[in-house]
Amino acid sequence: MCGIVGYVGESNALPIVASGLKNLEYRGYDSAGVALSTDGRLDVFKSEGEIDDLELPESHPSTCGIGHTRWSTHGEPSDANSHPHTDCTGDISVVHNGIIDNYEALKNELSDHEFTSETDTEVVPHLLEETYDGDDLVSAVEHVVAQLDGSFALAVTAADHDGIVAARRDSPLVLGFCDDGNFVASDVTAFLEHTREVAFLEDGDVAALTDDSVTVRSAGERVERERQTVDWEADSAEKAGYEHYMLKEIHEQPQALRQTISGRLDVVNGEVDLELDLPEQYLQSVEEIQIVACGTSYHAGLYARRLLEEHADVRTSVEIASEYEFTGGRDPWRTLVVAVSQSGETADTLRAMRTASAAGARTLALTNTVGSTAAREADDVVYIRAGPEIGVAATKTFAAQVTTLALLTVEVGRTRGALSGDRASTLLENVRGIPGAIQQVLDADESIRDVAREYADSDAFFFIGRKLGMPVSLEGALKLKEISYLHAEGFAGGELKHGTLALVTEDTPVLAVLTDGANASETLRNVKEVESRGAPVVGASSLENAESFLDASFTVPELGGLEPLVANVYLQLFAYHVADELGRNIDKPRNLAKSVTVE
Ligand code: F6R
């Protein structure tokens with residue numbers, strides 16, 4: 001996620017804002033910038049790359065500044081796309097986290113303004129230029145944010161304004177108070193060495209910071225936000241109080257997925273807008289979609305295959321990228337190759353994509369990383385917008401990949417006439433319900449931890465599920481083995497009896513996906529098979545009375561067949577707590593790297 005830090009006070013702002021940016025580095029970023037206001041002047045320093053690459057002056061007289069680390073969602077990482085963004089006069093500067101859904105419409109209304117970036121953010125300073133009379137920046141910000149659709153945390157400074165104005169909707173912002181000034185930031189890590197006295201802004205808040213005061217308004221009325229003292233150490237603050245990045249990222253899923261779908265769904269008409277350039281005629285004539293990916297991304301591909309075949313009526317194959325050989329047996333001109341890769345840098349996936357491209361197939365990269373090699377080399381690209389993932393084990397990006405692929409399914413299905421508006425609306429309604437359903441699972445974290453601890457010393461684990469539950473079983477097993485170093489295998493439920501059942505004993509727990517979308521009643525037959533060999537069974541289930549026949553059961557809320565994606569969050573938590581119980585190096589498991597750039 002992008003990071004924001006702002007300071008106004010009695011001290012020199014530049015070193016404080018610059019060190020705040022360094023403190024936010026852990027969030028991941030591809031560019032950075034600072035704006036400093038002093039005596040009617042605004043100076044902006046920004047560039048693509050590391051904070052250390054920023055060409056900052058040795059000193060600067062300003063005591064009021066805002067800074068930003070950017071993780072791209074609109075527009076490539078570049079100097080021009082870096083924040084802060086300014087208006088035409090260069091006197092108003094803005095940093096932003098989140099996505100402004102209606103930025104194109106707003107930009108069209110600002111046709112007499114000169115835009116210098118491809119970002120959604122830049123509409124904000126230009127809108128402020130229209131509204132701000134040089135006197136009341138707070139009211140101007142209130143007026144502008146009322147025009148924005150989407151999510152944002154904003155910090156604004158202006159050349160002639162002595163302070164910072166900040167606003168939030170669906171993107172966190174925290175205020176910090178110290179003797180010689182006040183802070184605003186996307187998280188407390190940014191200013192922890194200066195103060196632990198904080199107040200968290202709420203959605204709809206607009207805060208005005210000066211060197212000696214902070215006032216907050218909501219819907220135009222003055223409100224108080226409770227001051228608290230945080231006792232986090234810098235390290236735990238980076239993880240928002242979680243013990244590991246993996247746990248933080250598991251818990252971030254609702255927010256990440258809201259970002260994934262933001263501005264892309266038209267539930268009423270059953271349409272999506274992925275800003276793809278795929279010609280209608282081409283999509284109609286496509287005979288096969290080939291998904292190429294590795295590891296967790298491969299599992300997301302397996303999930304998507306079922307969705308594409310069911311809703312978009314298109315033959316879909318999923319190939320492990322390192323095994324991908326474009327045989328030419330299929331018609332490359334009628335094949336769309338979708339490369340799924342969180343990093344966009346996985347060597348095996350890039351190679352498969354290049355092979356497909358050389359054979360004449362059209363390629364689409366589905367990635368988390370703007371400007372990555374996959375994004376640059378593919379014919380088309382769609383971003384999953386999950387924000388940076390620091391833990392080596394992919395968690396929130398799996399959910400965001402599947403969610404984005406569900407949207408792609410709607411786009412393909414609608415274009416090919418295979419999916420009616422009504423069915424698409426229902427599917428999108430369910431997609432919109434994913435963040436809330438995942439939140440319900442996260443709320444059960446403690447009970448999952450207790451079950452995980454109970455089984456942490458088992459010999460081996462088996463995961464079973466059918467249909468959409470099958471890729472989730474593979475993913476559950478992968479998660480467990482990579483971070484706990486225990487043996488785990490995932491199967492289509494029906495496959496267990498064809499060999500592996502020989503390994504099932506009372507010491508090998510079985511984790512079963514027993515939800516809609518996973519052919520629960522058939523999987524239940526497989527549960528009986530393992531139970532009769534003495535294996536304890538833990539279920540993520542939407543079946544009634546599941547607790548009466550399972551050793552442990554976790555309820556998955558209804559979601560029109562998409563339940564297995566939600567069930568997966570139980571498996572992530574299970575893996576996490578087993579590994580934690582065993583004292584493993586969860587964020588950096590042995591022998592593994594976050595981005596595998598060798599074949
Ligand atoms: C597992 C994991 C890996 C990656 C795989 C592909 O938790 O993270 O299996 O999914 O290395 O990486 P990307 O998606 O970056 O291509």
Fill in: Mean separation of Cα contacts under 8 Å, 6 or more apart, over the residue count of the chain: relative contact order %
11
Worksheet, complete the sentence: ASP235 and GLU271 label points (each 7 Å along its Cα→Cβ direction) are spaced in nm at 5.2
Item to complete: Can you tell me the FRET efficiency between ALA359 and GLU10 if r is taken as the Cβ-Cβ distance and R0 is 56 Å, rounded to the nearest 0.05?
Response: 0.30
Worksheet entry | Ascending count of other beta-carbon atoms within 10 Å, so fewest first, for THR119, THR395, THR195, THR369 | THR195, THR119, THR369, THR395
Worksheet item: In whole Å, what three semi-axes, largest first, describe the equivalent ellipsoid of the chain built from its Cα gyration tensor (square root of 5 times each eigenvalue)?
Response: 43, 28, 21
Practice prompt. Quote the FRET efficiency, to the nearest 0.05, computed for ASP450 versus HIS487 with a Förster distance R0 of 22 Å and r equal to the Cβ-Cβ distance.
Written response: 0.45
Fill in: Theoretical ellipticity at 222 nm over the chain - DSSP helices of four or more residues, -39500 (n - 2.57) apiece, nearest 500
-10000 deg cm²/dmol
Practice prompt. For the stretch 239-439, just say rounded, prolate or oblate: build the C-alpha gyration tensor, square-root its eigenvalues into a ≥ b ≥ c, call rounded for a/c under 1.5, and beyond that prolate if a/b exceeds b/c, oblate if not.
Written response: oblate
Fill in: Reachable aspartates and glutamates from LYS107, criterion Cα separation under 20 angstrom, eight or more residues apart if same chain
GLU76, ASP87, ASP91, GLU118, ASP120, GLU122, GLU129, GLU130, GLU142, ASP149, ASP273, GLU275
Worksheet, complete the sentence: Counting only DSSP beta bridges with both partners in the chain, the antiparallel fraction in percent, to the nearest 5, comes to 65
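More than 21 angstrom separation, counting every C-alpha pair in the stretch 3-236; what % is that?
Roughly 50 percent, rounded to a whole number.
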Discussion item. Show me, bin by bin at 10 Å from 0, the whole-percent P(r) of the stretch 452-495 based on Cα pairs.
Written reply: 32, 50, 18
Worksheet item: Mind listing the phi-derived Karplus ³J(HN,Hα) values for the stretch 209-217, rounded to whole Hz, using 6.51, -1.76 and 1.60 with θ = phi - 60°, and x for any glycine or proline?
Response: 10, 10, 5, 10, 8, 9, 10, 10, 10
Discussion item. So, R0 is 30 Å and r is the distance between the beta-carbons of ASP212 and GLU130; what FRET efficiency does that work out to, to 0.05?
Written reply: 0.50
Response to the item:
In nanometres, the difference between 0.36 nm per residue of separation and the alpha-carbon distance of GLN147 and GLU531 is 132.5 nm
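Cα gyration tensor of the stretch 445-581, axes a ≥ b ≥ c as square roots of the eigenvalues: rounded (a/c below 1.5), prolate (a/b > b/c) or oblate?
rounded
So between ASP180 and GLN284, what do we pick up on full extension, going 0.36 nm a residue minus the alpha carbon distance?
31.1 nm
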Worksheet item: What is the Cα coordinate range of the stretch 299-399 on the first, second and third principal axes, sorted by size from largest, in whole angstrom?
Response: 40, 29, 22
Worksheet item: Are any of the pairs LYS479/LYS588; LYS396/LYS594; LYS46/LYS248; LYS46/LYS594 more than 19 Å apart by Cα-Cα distance, and if so, which?
Response: LYS46/LYS248; LYS46/LYS594
Item to complete: Would you mind checking the stretch 550-577 for residues with the amide N under 15 Å from a putative spin-label position 7 Å along Cα→C-beta of LEU592?
Response: 571-577
Worksheet item: All other residues with a Cβ under 14 Å from the Cβ of ALA146 taken together, and with Lys, Arg as +1 and Asp, Glu as -1, what is their net charge?
Response: -2
Worksheet entry | Label-point gap, in nm, between ARG416 and LYS22 - each point 7 angstrom along Cα→Cβ | 5.4
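Values in this text are rule-based calculations from the coordinates and carry no lab data. In this text the structure is predicted, and so the values were computed from the model without any measurement. Glycine also receives a Cβ, built like all others from the backbone with ideal geometry; neighbour counts cover every protein chain displayed.
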